[in-house]
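The values are calculated or read from the model by the stated rules, or taken from the named source; none is laboratory data. Predicted, not measured: the structure shown is a model, and the values here were computed from it. So basically every Cβ, Gly included, is an ideal-geometry build from the backbone, and we count neighbours across all protein chains shown. Just so you know, the surface numbers come from the protein's heavy atoms only, side chains and all, with ligands and any DNA or RNA stripped out. Shrake-Rupley method; radii C 1.70, N 1.55, O 1.52, S 1.80 Å.
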Amino acid sequence: MSSAPIRIAIQRLPHGEGLPLPGYASAGAAGMDVVAAEDLVLAPGARHAVATGFALAIPHGYEVQVRPRSGLALKHGITCLNTPGTIDCDYRGEVKVILANLGNEPFAVVRGERIAQLVPAAVQHAAFDEVASLDETARGAGGFGSTGR
Ligand SMILES: O=c1ccn([C@H]2C[C@H](O)[C@@H](COP(=O)(O)OP(=O)(O)OP(=O)(O)O)O2)c(=O)[nH]1
Ligand SMILES: [Mg+2]
């Protein structure tokens, strides 16, 4: 990537000792792969906030999104239930990955194996201006398939 990376402070927690910190698997990867810091088995239909063993101090004006890995999703039905997960810039607790098993088989989460990816993103705060009515548009209130399948 051409631009300088956003610098994010990362703290390794005691149970994260010995694990690789999140990193890019290839030069052009959009996400930094995250490994699990615990072993567990996710039954079909189950979910769990999986420990990662690290905490962040994200600079103001940014968030970090937690996204699933497509290989786990396609092969095993494993996804991040709240995708994209949001890590707020003022959060100092352990980053966790809320994995859900949408597949038909139990899935073993193994400490040290990659379970998700982190994508930093700029955040623009907004402020609402309350009004009595909104301007008209051709779409109006049409949505949810109003333009056809
Ligand atoms: O996948 C996730 C999502 C969230 N978090 C942590 C960091 C985030 O800053 C905090 C709150 O997340 P969110 O705002 O999505 O959850 P909430 O249900 O609104 O909780 P809160 O009331 O604490 O904001 O939880 C994670 O570690 N992993
Ligand atoms: Mg919140």
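Identify the residue in segment 61-72 that is over 8 Å from the mean Cα position of the chain (by Cα) and in contact (Cβ under 8 Å) with a residue 24 or more places away in the chain and, among all such residues, is surrounded by the most Cβ atoms within 10 Å (Cβ to Cβ). Show your work before the answer.
Kept after step one, since they are over 8 Å from the mean Cα position of the chain (by Cα), are these residues of segment 61-72: 61-63, 69-72.
Narrowing further to those that are in contact (Cβ under 8 Å) with a residue 24 or more places away in the chain: 61-63, 69, 72.
Numbers: 61: 11, 62: 15, 63: 18, 69: 19, 72: 21.
Among them, the one singled out is 72.
Of all residues in segment 75-99, those being among the β-branched types (Val, Ile, Thr) and open to solvent by 10 Å² or more (accessible area, probe 1.4 Å) number 5.
Within segment 76-105, residues that are under 13 Å from residue 34 (Cα atoms) sit with their Cβ atoms under 9 Å from residues that are of a type in the set (S, T, N, Q) and within 6 Å of ligand 1 (Cβ to nearest atom), at 6+ positions apart or across chains, in these pairs: 98/82.
Name the one entry in 4, 49, 30 that is within 15 Å of the chain's Cα centre (by Cα) and open to solvent by 60 Å² or more (accessible area, probe 1.4 Å). Give the derivation first.
Numbers: 4 fails: within 15 Å of the chain's Cα centre (by Cα); 49 fails: open to solvent by 60 Å² or more (accessible area, probe 1.4 Å).
Result of the check over 4, 49, 30: 30.
For segment 100-123, a residue qualifies if it is surrounded by 14 or more Cβ atoms within 10 Å (Cβ to Cβ), among the charged types (D, E, K, R) and not in a strand (DSSP E or B), and exactly one does: 111.
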